[in-house]
Amino acid sequence: MHGPGGNIALSERQEEAWKLVEHENMSYEVAAEMMGITQDTLENHLIACNQRKEDWQHTIDWMKGNSSSVETE
């Protein structure tokens, strides 16, 4: 990840940004900018999540396919 706090996971930065919004009466846009959260960061995170979901779905489908062939043997 790039920008300030790049070594901190996105979810941790989001949590910190929400704390700023709640406790410092700051707008989310300003808090997100301070935590290095950009639209690009969020879009890239969403792409990665979707890819992981696809990977897990392929694994589930593979297991279902293998389990039925194992049961019939």
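Here the gap between E15 and R52, fully extended at 0.36 nm per residue and compared with their Cα-Cα distance, gives a gain of 11.1 nm. Note that the range 45-52 has calculated 3J(HN,Hα) couplings of 5, 5, 4, 5, 4, 5, 5, 4 Hz, one per residue in order, obtained from phi through the Karplus relation 6.51 cos²θ - 1.76 cosθ + 1.60 (θ = phi - 60°); glycine and proline are x. Rounded to whole Hz and in sequence order, give me ³J(HN,Hα) for the range 18-27 from the Karplus expression 6.51 cos²θ - 1.76 cosθ + 1.60, θ = phi - 60°, writing x for Gly and Pro. Calculated HN-Hα couplings, in order: 4, 4, 5, 5, 6, 9, 10, 6, 9, 6 Hz. The label-point distance for K64 and S27, in a model that sets each label 7 Å from Cα toward Cβ, rounds to 4.6 nm.
The residues neighbouring A32, those whose beta-carbon lies less than 11 Å from its own, together hold a net charge of -2 under the Lys/Arg +1, Asp/Glu -1 convention. Let me check I've understood the local charge: for R13, count other residues with C-beta under 13 angstrom from its C-beta, Lys and Arg +1, Asp and Glu -1. What total comes out? So the surrounding residues net to -3.
Readers should treat all values here as calculations from the given coordinates under stated rules, not as data from a laboratory. What you are looking at is a predicted structure, and each value in this text was computed from that prediction instead of being measured. Every residue, glycine as well, gets a Cβ built from its backbone with ideal geometry; the counts of neighbours run over all protein chains shown.
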